[in-house]
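This report refers to the structure that appears directly beneath it.
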Amino acid sequence: QQQVKQSPQSLIVQKGGISIINCAYENTAFDYFPWYQQFPGKGPALLIAIRPDVSEKKEGRFTISFNKSAKQFSLHIMDSQPGDSATYFCAASWASGAGNMLTFGGGTRLMVKP
Amino acid sequence: EPEVTQTPSHQVTQMGQEVILRCVPISNHLYFYWYRQILGQKVEFLVSFYNNEISEKSEIFDDQFSVERPDGSNFTLKIRSTKLEDSAMYFCASIRDYGYTFGSGTRLTVV
């Protein structure tokens, strides 16, 4: 019930294309769904996050779509650029005592070809 | 922009030795975390720390692990007797509300 399942494991997209990464969760107590971008040798960096009271959130070229009934959420990267090549992790958390433990998906390695 | 700072960036240690990984969280953050990432795998929660005590820990965080905030700024993770399977990237993170800030990590290699 704690798992967050992410797909695909790897993705190759042409420059200018749309990258789509999907995640699914089981625990309905989760109330915060962030996406992290990680470059080699660096820590995960928060990209965009959504709460379950909205179905979509857009920040620049990055959009999260959230389907509460299906317990799924996805990241769309529009006009994908070579600089977007990185590993992307979805995650989920809830307010658990003091602070919120993140449960991460398995990651998607995105390569954007010029 | 405020950063979470981790030292060292890379640590090589012999199996059975003790290691201490150090972190300086963002100063006005209230919650502190350690996560680890075995090469090529997902990021896994180890422990959370609030108000000078552990608030949650995972199954990975067994008796070999301990955390401390010795002086109000540093936050350390100690592994008492390292095993080969402890080899991983260890990330420190801190938050105030919901927005995590992760450090760049310490790559621990146990040989």
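Quick one: with all protein chains in place, what share of the accessible area of the protein assembly as shown is carbon or sulfur, to the nearest percent (1.4 Å probe)?
Values: 5160 of 11070 Å².
Carbon and sulfur together cover 47 percent of it.
Counting only pairs 8 or more places apart or on different chains, how many lysine pairs in segment A:4-106 have C-alpha atoms closer than 21 Å?
8
Around B:THR76, under 13 Å between beta carbons, what's the net of Lys plus Arg minus Asp minus Glu among the other residues?
Values: positive: B:ARG22, B:ARG69, B:LYS78, B:ARG80; negative: B:GLU18, B:GLU68, B:ASP71.
Net of charged neighbours comes to +1.
For A:ASP31, B:ASP86, B:ASP63, give me the order by solvent-accessible area with a 1.4 Å probe, most accessible first, ignoring ligands, DNA and RNA.
Numbers: A:ASP31 45, B:ASP86 5, B:ASP63 125 Å².
The ordering from most to least exposed comes out as B:ASP63, A:ASP31, B:ASP86.
With N set to the residue count of segment A:4-106, report its C-alpha Rg divided by 2.2 N^0.38 Å to two decimal places. List each step's numbers first, then the result.
On the way: Rg = 13.4 Å, N = 103, 2.2 N^0.38 = 12.8 Å.
Segment A:4-106 yields a ratio of 1.04.
What residues of segment B:87-111 lose no less than 40 Å² of accessible area with every protein chain in place versus their chain by itself (probe 1.4 Å, heavy atoms only)?
With the partner chains in place, segment B:87-111 has these residues losing at least 40 Å²: B:TYR98, B:TYR100, B:PHE102, B:SER104.
Enter the accessible area per residue of segment B:1-104 (Å², integer; probe 1.4 Å; all protein chains in place). Intermediate results must be reported in sequence, preceding the final value.
Details: 5410 Å² over 104 residues.
I get 52 Å² per residue for this part.
In square angstrom, what is the accessible area per residue of segment A:4-106 with a 1.4 angstrom probe?
Averaged over the residues of segment A:4-106, the accessible area is 44 Å².
Summed for both chains, how many Å² of accessible area, to the nearest 100, are buried between B and A with a 1.4 Å probe? Please report the intermediate quantities before stating the final value.
Values: alone 6560 and 6320 Å², together 11070 Å².
Answer for the B-A pair: about 1800 Å² buried.
Counting Lys +1, Arg +1, Asp -1, Glu -1, what net charge surrounds A:GLN38 among other residues with beta carbon under 13 Å of its beta carbon?
Values: positive: A:LYS42, A:ARG109, B:LYS42; negative: A:ASP84.
Net charge around A:GLN38: +2.
Please list the non-local residues whose amide H lies under 5 Å from the amide H of A:ILE50, H modeled 1.01 Å from N, same-chain partners needing a gap of 5 or more.
Here A:PHE33 satisfy the definition.
Would you jot down the residues in segment A:27-52 that end up with at least 30 Å² less accessible area in the complete protein assembly than in the chain alone, with a 1.4 Å probe?
Correct list: A:TYR32, A:TYR36, A:GLN38, A:GLY41, A:GLY43, A:PRO44, A:ARG51.
Where the centre of each part is set by its Cα atoms, how far does segment B:24-53 sit from segment A:10-37, in angstrom?
Distance between centres, Cα-based: 22 Å.
The values are calculated or read from the model by the stated rules, or taken from the named source; none is laboratory data. In this text, all values refer to a predicted model and were calculated from it rather than measured experimentally. Cβ sites come from the backbone with ideal geometry, for glycine too, and all protein chains shown count toward neighbours. With ligands, DNA and RNA removed, areas are computed over all heavy atoms of the protein, side chains included. Shrake-Rupley method; radii C 1.70, N 1.55, O 1.52, S 1.80 Å.
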